[in-house]
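Below is one structure, written out as structure tokens; the observations come after it.
The values are calculated or read from the model by the stated rules, or taken from the named source; none is laboratory data. Worth saying up front: this structure is predicted, and the values here are computed from it rather than measured. Note that each Cβ is placed from the backbone with ideal geometry, even for glycine, and that neighbours are counted across all protein chains shown.
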Amino acid sequence: MDRKELDTAKWADVDQTQDTDHFVGYLDKVSDIEAVQAYKRRTYNLMKIEEGHCVLDIGCGAGDDVLKLAEMVGSSGRAVGVDNSEAMISEAQKRAATLNLAAEFRVGDIYDLDEEDNSFDSCRADRIFQHLSDPQRALAEMVRVTRPGGRVVIFDVDWETLAIDAPDVAVTRKIVNMVCDDTINGWAGRQLFRYCKQTGLEDLVVVPEPTIFFGYALIEHLLQLSIIAETLQNAGELSASQVTNWLNALKQSDEIGQFFCSVTSYSVCGRKSG
């Protein structure tokens, strides 16, 4: 199974992959990164959550963010997680089962949410828009279910900002460009501001969120750089020696503590008018 089949297009329909454990594990691996935990906390703060609020997390995955939100709204509030994957919702319900939190999970379609207009004090989507073919329509649904004066928060990656310190500039450019182009919407991060403007959200706040990786093993696990390089080799865009030398250079820099990789994401928050 190649990277594109497993990790990009299939995120839009996890249940069809027959490998849902991979996706749950991937989310857990990402969530263990301290920089990821930090940006998630900042998105919660942008939501201006108060005790008793009703909040919605779109594309909730295994539900860990919803559980955090449920702690913030307290027993008098509601934290609802929606995902189009039955496997993800099942995992989220398992994780919530032993906790006494006001957390709810259900299968749903981001393009057609089964929620009333103006139902939530705030709505959030985290790393979802890069997987959407019609992000503007999805955002319109998020705005619809948010009450007037409520906040909508979106976080996503701009994959063309991926930077890897490697000696062969030409090979590096080919590989990082493929990471971006192999995603349904690799420019999602830079487009969030425009989406929010076009949807009529007000008082927009944009927060750049750089993530830095100092170890090769983690970035290989997350991005599968060796598979990308092999794919480019099979397509005739890189030679076998270029691929071998490039990967060896990364491993060698890692061994001496000099490996460096970063990517920039953006959080955008807007207030629904009214």
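A few notes on this one:
- Counting the residues of the range 161-186 that are outside any helix (DSSP H, G or I), at pLDDT 95 or above and either among the aliphatic types (A, V, I, L, M) or surrounded by fewer than 18 Cβ atoms within 10 Å (Cβ to Cβ) (or both) gives 7.
- Annotation note: of Arg95, Arg124, Arg106, the sole residue that is farther than 26 Å from Tyr266 by Cα, modelled with pLDDT of 95 or more and assigned to a strand (DSSP E or B) is Arg106.
- In this structure, Leu232 does not qualify as free of Cβ contacts under 8 Å to residues at least 40 places away in the same chain, assigned to a helix (DSSP H, G or I), more than 19 Å from the chain's Cα centre (by Cα) and more than 28 Å from Val82 (Cβ to Cβ).
- Yes/no for Ala79 being at pLDDT 95 or above, in contact with a Leu (Cβ under 9 Å, 6 or more places away or on another chain), closer than 19 Å to Val145 by Cβ and assigned to a helix (DSSP H, G or I): no
- Close contacts from the range 32-45, counting a first residue that is over 11 Å from Val153 (Cβ atoms) and a second that is β-branched (Val, Ile, Thr) and in a helix (DSSP H, G or I), with Cβ to Cβ under 9 Å and a gap of 6+ residues or different chains, come to Val36/Val30.
- Qualifying residue in the range 189-206 (condition: touching a strand residue (DSSP E or B) at 6+ places or on another chain (Cβ under 9 Å) and part of a loop (DSSP other than H, G, I, E, B)): yes
- Taking residues in the range 214-228 that are farther than 19 Å from Phe23 by Cβ, and partners anywhere that are part of a loop (DSSP other than H, G, I, E, B) and of a type in the set (Gly, Ala, Ser), the pairs with Cβ atoms closer than 9 Å and at least 6 places apart or on different chains are Phe214/Gly257.
- Top-ranked residue of the range 101-142 - restricted to ones that are touching a Cys at 6+ places or on another chain (Cβ under 8 Å) and within 15 Å of Val153 (Cα to Cα), ranked as surrounded by the fewest Cβ atoms within 10 Å (Cβ to Cβ): Asp121
- Beta carbons closer than 7 Å, at least 6 apart along the sequence or on distinct chains, pair a first residue in the range 109-124 that is basic (Lys, Arg) with a second that is not in a strand (DSSP E or B) for Arg124/Thr43; Arg124/Met47.
- Breaking point among (1) on the phi < 0 side of the Ramachandran plot; (2) touching a residue at least 40 places away in the same chain (Cβ under 8 Å); (3) out of contact with any helix residue (DSSP H, G or I) (no Cβ under 8 Å at 6 or more places or on another chain), for Phe259: (3)
Let's see how each residue does on (1) closer than 26 Å to Asn45 by Cβ; (2) of a type in the set (D, E, K, R):
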{"position": "Met142", "(1), (2)": "yes, no"}
{"position": "Pro148", "(1), (2)": "yes, no"}
{"position": "Val157", "(1), (2)": "yes, no"}
{"position": "Pro167", "(1), (2)": "no, no"}
{"position": "Arg194", "(1), (2)": "yes, yes"}
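- Lone unmet requirement of (1) touching a Gly at 6+ places or on another chain (Cβ under 6 Å); (2) at pLDDT 95 or above for Leu27: (2)
- Residue check, Lys29 more than 17 Å from Cys269 (Cβ to Cβ) and charged (D, E, K, R): yes
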